[in-house]
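One structure below.
The values are calculated or read from the model by the stated rules, or taken from the named source; none is laboratory data. Remember, it's a predicted structure, so these values are computed and weren't measured experimentally. Neighbour counts are summed over all protein chains in view; Cβ atoms, including those assigned to glycine, are modelled from backbone coordinates with ideal geometry. Please note that ligands, DNA and RNA were not included when accessible areas were found on the heavy atoms of the full protein model with its side chains. Shrake-Rupley method; radii C 1.70, N 1.55, O 1.52, S 1.80 Å.
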Amino acid sequence: MFVRLYITAQNEPEAKGNLIIVLEKLKSILIKTNVEKLEPYWKFNDMYVVELSLEVKKDLTLSGLKYLLESISDRWEYYGEPINELLASKTVEGCNYILKNVEMINIYLDKYDIKD
């Protein structure tokens, strides 16, 4: 699973702290986490982009993942058939809640991430 996060932060230590909060929400499905990139986002001074490769538990189902993601945002968009991308953003219509300091999160599923 590949995840790209856009998080509000003034500096790298603050960005890492905000990342830890997001990963806490996912810890029940994680086997291994690898931070590929953590750097200032070029468009905004107070934002960082974080890219992660996540190894998830083999028994993860799409319904289980959707349930877990409700703790990050109340509004997710799903793309692909079968679903291979999930998106939550402060700017998506109908979003009433997204985890503090998270502006947007994209999750890209590998075909081996989710059991049918």
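Per residue of the chain, what 222 nm ellipticity follows from adding -39500 (n - 2.57) for every DSSP H run with n ≥ 4, rounded to the nearest 500?
Taken over the chain, the calculation gives -6000 deg cm²/dmol.
What lysines sit close enough to Lys100 to cross-link, taking a C-alpha to C-alpha distance under 23 Å and skipping anything fewer than 8 places away on the same chain?
Lys16, Lys25, Lys27, Lys37, Lys43, Lys66, Lys90
Could you grab the relative contact order for the chain? Cα pairs under 8 Å, six or more apart, rounded to a whole percent.
It comes to 33 percent, rounded to a whole number.
Determine the equivalent ellipsoid of the chain by diagonalising the alpha-carbon gyration tensor, then write out the semi-axes as square roots of 5 times the eigenvalues, largest first, rounded to whole Å. Mind showing how you got there, number by number?
Working: eigenvalues 103, 53, 31 Å².
The equivalent ellipsoid of the chain has semi-axes of 23, 16, 12 Å.
Find, to one decimal place in angstroms, the Kirkwood hydrodynamic radius of segment 15-54, where the mean of 1/r is taken over every pair of different Cα atoms and then inverted.
Taking every pair of different Cα atoms in segment 15-54, averaging 1/r and inverting gives 11.0 Å.
Give the residue from Tyr67, Leu109, Ala9 lying farthest towards the positive end of the charge dipole for the chain; charges sit on Cβ (+1 for Lys and Arg, -1 for Asp and Glu) and the dipole is referred to the Cα centre.
The listed residue farthest towards the positive side: Tyr67.
Under a point-charge model restricted to the Cβ atoms of Lys and Arg (+1) and Asp and Glu (-1), what is the dipole moment magnitude of segment 35-116 relative to its Cα centre, in debye to the nearest 20?
160
First compute the accessible area of the chain with a 1.4 Å probe, then give the percent of it belonging to carbon and sulfur atoms. List each step's numbers first, then the result.
Details: 3430 of 6960 Å².
About 49 percent, which is the carbon plus sulfur part of the accessible surface.
Quick check for you: with a 1.4 Å probe and neighbouring chains kept, what is the accessible area per residue of segment 49-110, in Å²?
54
So how much slack lies between Thr61 and Ile31, counting 0.36 nm per residue of separation and subtracting their Cα-Cα distance, in nm?
So the chain would gain 9.3 nm between Thr61 and Ile31.
From a point 7 Å beyond the Cα of Glu51 in the direction of its Cβ, which residues of segment 1-38 have a backbone N at a distance under 12 Å?
Only 2-5, 35-38 fall inside the zone, counting backbone N under 12 Å.
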